[in-house]
Amino acid sequence: MRKSRSSTQGPHRAVPVAEAPATKRPPRRLAAVPSEPSPAPVPAAKVKPAKQPAPPRKAAAPRTALVPLAAVTAAAPAPAPAAKAEGVDFEVLSSNLAAFVEKGSQVVMALMKPAIDKGEVSVTVPESVADAVKTFGKVAEHWMSDPSRSLEAQSRFTTQMFDLWSQTLRRMAGEDTPTVAAPDPGDKRFADPAWRQMPFFDFLSQAYQIANKWAGDMAREADVDALTRDKAQFYLRQISAAVSPSNFVATNPKLLTETIRQNAGNLVRGMELLAEDITAGGGQVRMRQSDNSAFELGVNMATTPGKVVFRNEMIELIQYAPSTPNVLKRPLLIVPPWINKFYILDLNADKSFVAWVRDQGVNVFVVSWVNPDERHAKKGFSEYMHEGIFAACDMVTKITGEREVNAIGYCVGGTLLAVALAYEAQRGTRRIASATLFTTQVDFADPGDLKVFVDEEQVAATEAEMAKKGYLDGAKMATAFNMLRPVDLIWSYVVGNYMKGEAPKPFDLLTWNSDSTRMTCANHSFYLRNCYLYNNLTKGEMVVDGVRLDLRRVTVPVYNLAAREDHIAPAASVFRGAQFFGGPMRYVLAGSGHIAGVINPPTKVKYQYWLGAKPKGELKDWLATAEEHPGSWWPDWMAWLKGLDATEVPARPPGGGVVEPLGDAPGTYVRVKA
């Protein structure tokens, strides 16, 4: 009998599930209920002439057809989610499993092909894996070096597991028993009722919670240095997220039921998506988080009208067309991070910070960084400052005639802006009249979760890797950021894409997030060492172009925005850094995280922000007396900006009649892929 093969009709189209072939006899199916008992056929016995014939065997026990596992609800009468009438079609299942194996071979080839083509097949252990092993070794040494501690650690785990086993046995016997280790109510992985209805899956879920908490306690309570403890907890979060029973078909009741219902068609589609993602990543898994084909720059993303008015080796400068008859006399220059692309500030018409500011009567200029390659290998912090911020300031002055600008720096763009301010203060020049810092760190004493990637050995390894090409590939930083939230940003997509076989839906924020950028060798090395590794800026030990920088000499007004749930630039770190500036400081704490806390249009009426006294001491003390305000902080910032100088002039068109625009926004640099 022929088996139909799955076919692909496009890079994102799901593989069609094989249909059952038409035959005269109906396909075999697993019934949902036991079949009627029937005696087994009596086998023929060889009879010797001198003996009586062998008596027939007893009839076999009634045969019970297999049922979907979702129907086995020993502790709950609720019906299983799978449709009993459909069951499993063996012909379709076998065809899909054959296609699954075929697609699996394509995945293996996609993984190996780039390395084979280059002759660079390697079996070396990744630096991060080696560091994790070394970190866990230090934690294990603490517990194993003392027999009593080791026994205590083991007894904690075994006692809880024994309680869980006893609870499970009692429940299977029909008792109503309390839960030993319930999942967090907010954990969507275990939200399906089947996890609690079926004892087997309930046991798996609770065992996972027990093991997860026990391992976390071991790392947290170990007598090791703070960095080792933080690294151990970080690596444990990665392992915990990876081994969750929700990630596997056999241990996730919802996945298992769906796989049975689809006769494994979901696994075939998932394997095809995986092969596509590996091919797109050049031998690495470039996991899609959004249907990126639904978005196009200049069409439905980054659509605010404007022109590229300047271009050099490092930046394109965009001036946006005014929407009001008059604008503030002093223009605004926005310096985004080079780790991401600027259009997070102009995501779409409803979420565009750029468009909102323009509509308030501000002449907006934005730096769009080059996506560097080997030609930019030696471009360091000095070049980013001179050829980036200062070159942009010069062009803004040329177009508008204004000698000073208000400036915004976002994330590492804010760190560079702070460096530029300190550099100008030391040199006695002033082109930036005020600074706004979005989720920006200048003090790296406690820089958040990213510190686990930064020690001397890891920085040296990163530098060695960058030296081969002259830059750090964008996928490296994208992976690091995803690892800060592995359940949401990694494993939810592994399950959705590759287990359920469902391509992700369009989501503009995640499309932007996947549009990664490279980092030059010189610049990234300077940043890692002077900021994360040595914290030189707030120590007064950072030197740029032979100039030693001192933030206390920065006396321009600063609006310093932190986000309360930020894992990249923690609010406490931003608060501490705000205390090193020498001028007026307005510290504002926004609700939510690194992106949503910043991109929060007033029309959405989401989150909140806190205002308080000038930063001093610890954040928790400041927050205790701060005043909470509902909604967006944007109007507060605009009032602050206009309070510095509200003088207006007639609106200026892009180029101001002084320079000829080079093209439409969002420009060309932003379109270069990593």
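The values are calculated or read from the model by the stated rules, or taken from the named source; none is laboratory data. The shown structure was predicted, so the numbers you read here are calculated from the model rather than taken from an experiment. Positions of Cβ are backbone-derived with ideal geometry, glycine not excepted, and every protein chain shown enters the neighbour counts. Ligands, DNA and RNA are excluded from the accessible area calculation, which covers all protein heavy atoms including side chains. Shrake-Rupley method; radii C 1.70, N 1.55, O 1.52, S 1.80 Å.
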**Fill in**
Summing +1 per Lys or Arg and -1 per Asp or Glu among the other residues with Cβ less than 9 Å from Val308's Cβ gives 0
**Request:** Measure off, as a whole percent, the carbon and sulfur share of the 1.4 Å-probe accessible area of the stretch 406-473, all protein chains present.
**Result:** 47 percent
**Asked** Where does the charge balance sit around Ile239 when Lys and Arg score +1, Asp and Glu -1, over other residues with C-beta under 14 Å from its C-beta?
**Response** +2
**Request:** Place the peptides 574-581, 516-523 in order of packing, highest mean first, counting for every residue the other Cβ atoms within 10 Å and averaging per peptide.
**Result:** 516-523, 574-581
**Fill in**
Residue-normalised value, i.e. accessible area per residue, for the stretch 202-250 at 1.4 Å probe, in Å², stands at 39 Å²
**Item:** Alpha-carbon centroids, the stretch 496-559 and the stretch 240-278: separation in whole Å
**Value:** 35 Å
**Fill in**
In debye to the nearest 20, the charge dipole size for the stretch 369-499, taken about the Cα centre with +1 at each Lys and Arg Cβ and -1 at each Asp and Glu Cβ, equals 460 debye
**Item:** Per residue solvent-accessible surface (Å²) - the stretch 521-674, probe of 1.4 Å
**Value:** 45 Å²
**Message:** Can you tell me the length gained on complete extension of the stretch Lys604 to Ala242, counting 0.36 nm per residue apart and subtracting the Cα distance?
**Reply:** 126.8 nm
**Request:** Note down the nm distance, to one decimal, between modelled labels 7 Å out along Cα→Cβ at Thr429 and at Thr625.
**Result:** 4.1 nm
**Fill in**
From most to least accessible, 1.4 Å probe, no ligand or DNA/RNA atoms counted, Arg149, Arg269 line up as Arg149, Arg269
**Complete:** In nm, the gap between the two label points placed 7 Å beyond Cα toward Cβ at Ser155 and Ala480 is 4.4 nm
**Prompt:** Kirkwood hydrodynamic radius (Cα pairs, Å) of the stretch 487-612?
**Reply:** 17.9 Å
**Message:** Within the stretch 304-346, what whole-number % of the accessible surface is contributed by carbon and sulfur, with the 1.4 Å probe and all protein chains included in the calculation?
**Reply:** 54 percent
**Fill in**
Of all C-alpha pairs within the stretch 210-300, those more than 16 angstrom apart amount in percent to 72 percent
**Complete:** Note to self: C-alpha centroids of the stretch 604-674 and the stretch 300-332 sit apart, in Å, by 15 Å
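Please list 345-351, 300-306, 150-156 highest first by mean number of surrounding beta-carbon atoms within 10 Å per residue.
The densest-packed peptide leads the list: 300-306, 345-351, 150-156.
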